[in-house]
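Just below is one structure, and these are the notes that go with it.
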Amino acid sequence: MQHRILGRTGISVSKFALGTLRLGAWGNSEHDDAVRLIRTALDGGINFIDTADQYSGGEAEVIIGKALHGRRDDVVLATKGHFPVRMGDDDPNRRGNSRRWLTRAVDDSLRRLGTDRIDLYQVHRPDPATDIDETLSVLSDLVRAGKIMAIGTSDFPAEQIVEAQWAADRRNHIPFHTEQPPYSLFVRAIEADVLPTARKYGLGVLTWSPLNSGWLAGRFRGNEPIELDAFRRVVAHKFDLGLPGNRRKLEAVEELLVVARDAGIPLTHLALAFAATHPAVSSVILGARTIDQLTDQLAAAEVRLDDGILDRIDKIVPPGVTLNPPDADYHRPALAAAERRPRPTA
């Protein structure tokens, strides 16, 4: 497994990271199986695990804590805060990027993870109700306290990444070290702005959903309606074949299968290798739910795509283009509750 330096942190991370969104109640609810999945990833060369306090209502962090018992120092551990941890929690002070909430959220994550420090702590989304100076201030204090080692963002647009860098410089805060955006063969918009901005400021980039919720695993083909499990129903518009973007995905999958066949690799390997190829990308987060899925995805670590293959991909989905339906923010069941948060008016 190739390793890369995470931005300017000096931390070496594996080209693939293990994402844990589907560990616990949101996917694999058997803790022993989930622990084996994590340990299989570590044995397969992954040293980078990404989670969030919100995943399965904190259960994913508990599972990770169990899996890392005796191996904590071998792992770069990342988690996130911003959304309410419990679904249906309507307390406006138990979410967001305020000092009050992030201080509590970090302590709660440390407890669930069973560790004394978090290697990378990321704010899960921008918070228009909290000044970025306030967020950077509390995160800087938590770094100086030794509770977190580095800080990052998730799904921040390029202009807010720049604003945060300026705020850190003006106010002598510790700046964000990383950004975590969605990126795949079907979601390439960040190539136009976020990835160049990350390179300009020396940010590490962790990308998520490289298989675009299963589309790039070749699971959805033809004109048959897509069966939605409990998790997919949360983002049902991503699978609605009545939407033009999803119809185009069906066509693109067939074209990409030909490219993968000519390259002698499965479509999943083509998709994962593509996500890892961009020079701004530090690590690609794998979303495997089972050991079989993980084993298949780990096999893509040695795949290299030549310019000819990349040129063929660009003809199918041009650089900077996204095929997802509008507002297709792939996120978690608690997102709906979080988005009900009242926004201040001018």
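Annotations for the structure displayed:
- Residue in region 1-31 that is least open to solvent (accessible area, probe 1.4 Å), counting only those that are of a type in the set (Val, Ile, Thr) and either closer than 15 Å to Gly152 by Cβ or assigned to a helix (DSSP H, G or I) (or both): Val13
- Residues that are surrounded by 21 or more Cβ atoms within 10 Å (Cβ to Cβ) and touching a Lys or Arg at 6+ places or on another chain (Cβ under 9 Å), drawn from region 139-153: Ile148, Gly152, Thr153
- Pick from region 281-326, criterion among the hydroxyl-bearing types (Ser, Thr, Tyr) and open to solvent by less than 20 Å² (accessible area, probe 1.4 Å), ranking: farthest from Thr51 (Cα to Cα): Ser282
- Test result for Asp90, charged (D, E, K, R), over 28 Å from Val35 (Cβ atoms) and not in a helix (DSSP H, G or I): yes
- Scan of region 163-173 for residues that are open to solvent by 30 Å² or more (accessible area, probe 1.4 Å), out of contact with any Pro (no Cβ under 8 Å at 6 or more places or on another chain) and either under 14 Å from Ala198 (Cβ atoms) or not polar (S, T, N, Q) (or both), ordered by number: Glu163, Trp166, Arg170, Arg171, His173
- Considering each residue of region 32-46 in turn, none proves to be among the charged types (D, E, K, R), crowded, with 19+ Cβ neighbours inside 10 Å and modelled with pLDDT of 95 or more.
- Within region 255-275, not a single residue is open to solvent by less than 10 Å² (accessible area, probe 1.4 Å), farther than 20 Å from Pro181 by Cα, at pLDDT below 95 and not aromatic (Phe, Trp, Tyr).
- Failed condition for Asp73, given (1) open to solvent by 20 Å² or more (accessible area, probe 1.4 Å); (2) farther than 29 Å from Asp43 by Cβ: (2)
- Restricted to region 225-240, and to residues there that are loosely packed, with under 14 Cβ neighbours inside 10 Å and at pLDDT 75 or above, the residue that is farthest from Arg261 (Cα to Cα) is Ala236.
The values are calculated or read from the model by the stated rules, or taken from the named source; none is laboratory data. Note that the structure is a prediction, hence the values are computed from the model and not measured. Positions of Cβ are generated from backbone atoms using ideal geometry, with glycine treated the same way; all protein chains shown enter the neighbour counts. Heavy atoms of the whole protein, side chains included, go into the accessibility calculation; ligands, DNA and RNA do not. Shrake-Rupley method; radii C 1.70, N 1.55, O 1.52, S 1.80 Å.
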